[in-house]
Amino acid sequence: MTAVTAATGPRRGTAFSSFAATLLAWCLVAAVGCGGEPDVVASRAEPSAGAAPAHTLPSTEAERGPGTALDDRPVTTTEPHETSRSVSPPPVTTPPAAVPSIQSDAVLDDLAEIGDAKEPRVYDDLVAAALIDIEEWMTEIHPLVHGAEWRPLSGGVYPSYPGRTDIPGCGEPFTDPADVAEYVAFYCASGDFVVYDDGPDSLLGELTAQFGPSVMGIVLAHEYGHVVQDRTGDLARRLPTILVEQQADCVAGAWVRRAATGESPHLTLSDADIRGALITMVAVRDPVGTDQFEAGGHGSAFDRIGAFQEGYVHGPERCAELLDDPLPLMPNQFQSTADLINDGDLPFGYDEGQIVPLIVDTLNRYWPFQLAELDAGSFPTMVLTPVTGAADISCPTTPRLVAPGLATCIPDGVVFLDDGFARRLYVDPIVGSADFAVGYFIALAWADVAQDLLGSTLTGSDRALANDCLVGAWTRDLDPDRPSRSDEGLDRGIISPGDLDEAVVAAIEIGDTSSDDEILGTPFQKIDAFRAGVLGQIDACLDRLDP
């Protein structure tokens, strides 16, 4: 997030993760071949640093859900930490990888050209199940969606590993495994084949180790999205890469829905698999600061997840429309040298020039103005107080838990923030310094107060998801390019490219681990609600408040 003063005036800011200078993101490059040929669609990336941290409050409190009382245990942290605001955050913990259920007895040797030196991988069975399922799925849906029989992949699927020399080339005599290691996976239209990196140190191996073997299925489904584009002739249209990639992400989402809802006879994906898919898309987003409409652009995590969700929710029919009716895309470019220097991120802290007071200030400006516009009463000025345990809490009534690590005392106009959890959100292993992850989290408290004033009676996950939407609406008001931005001058802070990805990371972090929990909403639901607020603004959220 970028701080703006009256002297500088509003300007578009940017955020740049700590490792994004070298990150090549899982960029799926359409119309650029391995050897300069225009018929390969490929991926390239460097590894991320890990997964988002787990939230801190005990489940006995979290299970009460948003909008409920905290009783006599308002906010705690699970591990002691110094109260000094200069201490380093506790180490991040990585959740266990998901293990999809595989019902297929398919063998990879029968479905892929494995060569004579392939080493076994833990995801081989998943790859086999995904390949046979995707082909069957395409055979079923392609005639319905595109009006033509499906033509199976004729050139085959090739796992690539060091020393392999028999993979066909795409513009060259053969495909070099070193190139595949850079691209991660690609589809070559002229040879009608798919290649994926199966090397011992591959990004795919790292991602599957962190988030489960379902990552491989998502990558393959994405590549098959490009196969569909070849079958329909859309690859020959020379469209902007970002549109081609959005459609492929949409196809991946539609296939994941099939596997997650029991429609696939070969494998079943869980909530944990879907969470892993979302984190993977954060890890493989375009580097912040790049123009997604340049050749090779693929979109931010916010945009890529949006396309994935579009396919998941609306199916392959909607994916078929995306090239001519694309989703809105959010800016991702650096606009000033100053933003490039500070990476668009403010330091964590509670003093002037740090992220917390800037967030509080913009919230206390936005919500009184917004509620006045809606004739919804007077919004109180809220004060944020960091806490390290229950002893720090003082409220004449029982505080209300909004999310683990976040509570409000309405009579005193105070928001209590778990300092340790906020610090862990700020130092994210995937996006680096994540000032807007903290901003998103804090903003949930203001959104919850707004719900009361707007007459909401929602509870549980419905209330939490409405909060996510309201936070999205506030976030959009920080966009300097929003035409309807108020004259009240909410110019003390504006969003930077990368901030939306940081909010997505926070939503993944605090979301329910299972769709059966119905406490705060799953990461998928939370991101969907947040996107609705960002893209549809306050009107999209008001519809959610009417049960």
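Nothing in this text is a laboratory measurement; each read-out follows from the coordinates by a stated rule. These numbers were taken from a predicted model, which means no experiment stands behind them. Every residue, glycine as well, gets a Cβ built from its backbone with ideal geometry; the counts of neighbours run over all protein chains shown.
Couple of notes before you dig in:
- Sequence of His146, His266, His226 once ranked by neighbouring C-beta atoms within 10 Å, starting from the fewest: His146, His266, His226
- Computed label-point distance, nm, for sites Asp546 and Asp351 using a 7 Å Cα→Cβ extension: 4.9
- Computed label-point distance, nm, for sites Thr513 and His146 using a 7 Å Cα→Cβ extension: 4.0
- Sequence of Asp230, Asp361 once ranked by neighbouring C-beta atoms within 10 Å, starting from the fewest: Asp361, Asp230
- Classification of the range 389-547 by its C-alpha gyration tensor yields a rounded form. The axis ratio a/c (a ≥ b ≥ c) stays under 1.5.
- Size of the range 183-260 as Cα extents on the principal axes (Å, biggest first): 37, 27, 20
- Shape metrics for the range 268-332, restricted to C-alpha atoms - Rg then Dmax, Å: 12.7, 37
- Here the Kirkwood formula puts the hydrodynamic radius of the range 205-344 at 15.6 Å, using every distinct Cα pair.
- Cα gyration tensor category, rounded, prolate or oblate, for the range 355-430 with a/c compared to 1.5: oblate
- Pairwise label distance in nanometres, Ser101 with Thr459, each label 7 Å out on the Cα-Cβ vector: 3.1
- Prolate/oblate/rounded label for the range 243-284 (Cα gyration tensor, a/c 1.5): oblate
- Protection proxy ranking, highest mean first, for peptides 515-528, 147-160, 346-359: 515-528, 346-359, 147-160, where packing is the per-residue count of other beta-carbon atoms within 10 Å, averaged.
- As a ratio to 2.2 N^0.38 Å, the alpha-carbon radius of gyration for the range 304-425 is 1.47.
- Were the residues from Ala178 through Ile410 laid out at 0.36 nm apart, the gain over their Cα-Cα distance would be 77.6 nm.
- Over all projection directions, the Cα-based convex hull of the range 100-246 averages an area of 9.1 nm².
- Peptides ranked, highest mean first, by Cβ atoms within 10 Å: ranges 535-543, 272-280: 272-280, 535-543
- Fewest-first ordering of Arg238, Arg258, Arg531 by other beta carbons within 10 Å of each residue's beta carbon gives Arg238, Arg258, Arg531.
- Between Thr381 and Glu294, the contour length at 0.36 nm per residue exceeds the Cα-Cα span by 27.0 nm.
- Span per principal axis, largest first, for the Cα atoms of the range 113-191 (Å): 42, 32, 21
- With the convex hull drawn over the C-alpha atoms of the range 150-231, the volume per residue is 84 Å³.
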